[in-house]
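Beneath this line is the structure, given in structure tokens, with notes to follow.
The values are calculated or read from the model by the stated rules, or taken from the named source; none is laboratory data. Computed from a predicted model, the values in this text were never measured in an experiment. Glycine also receives a Cβ, built like all others from the backbone with ideal geometry; neighbour counts cover every protein chain displayed.
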Amino acid sequence: MDPRISMIGLGVGDLDRAIRFYEDGLGLPRYPFEGDIAFFQTASTWLCLYDREKLAEDIGIPAKGDGFPGFTLAHNVGSKAEVDQVMAEAQAAGAVIVAPAEDKFWGGYSGYFTDPDGFYWEAAWNPFLEIK
């Protein structure tokens with residue numbers, strides 16, 4: 001198996017709201033596709049938005065259940081200033097800041113926000129990771 005993650009799919013509660021957040025708010029480029037699903041191509045991974053109920057049905061699991069999903073999505077950038085910029089853009093787009101950006105014990109700088117469906121995102125600068 002090749003070591004890569006090619007797409008992240010999020011089951012969202014309101015597809016139109018999620019599209020506005022990611023396309024208009026965060027500026028992700030949306031791939032032209034017709035249907036009840038939205039695709040965004042980023043530099044290295046695709047993001048897919050799909051109705052939460054339909055995604056659960058496709059998987060064959062119940063759609064009910066709240067709380068911490070046990071994962072975060074991360075957007076790594078090249079500086080602390082860029083982290084602050086991402087956090088500000090996300091908040092302006094309607095994100096909830098869960099943890100303001102700060103210096104971390106491991107030597108980096110990061111903060112967390114949630115999108116309108118409660119998915120956790122980390123905006124991070126890692127001095128040990130080269131961003132291309």
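Confirm whether residue 104 is more than 19 Å from residue 47 (Cβ to Cβ) and either in the same structural domain as residue 26 (by TED's automatic domain parsing) or touching a residue at least 40 places away in the same chain (Cβ under 8 Å) (or both). No, not satisfied.
Considering only residues that are more than 18 Å from residue 20 (Cα to Cα) and among the hydrophobic types (A, V, I, L, M, F, W, C), look in region 74-96 and name the one that is surrounded by the most Cβ atoms within 10 Å (Cβ to Cβ). Reasoning before the result, please.
Of region 74-96, the ones more than 18 Å from residue 20 (Cα to Cα) are 74-85.
Still in the running and among the hydrophobic types (A, V, I, L, M, F, W, C): 74, 77, 81, 83.
On the way: 74: 13, 77: 18, 81: 11, 83: 23.
Here the answer is 83.
Out of everything in region 76-118 that is of a type outside the set (A, V, I, L, M, F, W, C) and under 19 Å from residue 11 (Cα atoms), what residue ends up being farthest from the chain's Cα centre (by Cα)? Within region 76-118, the match that is farthest from the chain's Cα centre (by Cα) is 94.
Among the residues of region 16-31, those that are touching a strand residue (DSSP E or B) at 6+ places or on another chain (Cβ under 9 Å) and farther than 21 Å from residue 71 by Cβ comprise 19, 23, 29, 30, 31.
Residues that are of a type in the set (S, T, N, Q), in a strand (DSSP E or B) and out of contact with any helix residue (DSSP H, G or I) (no Cβ under 9 Å at 6 or more places or on another chain) do not occur anywhere in region 52-75.
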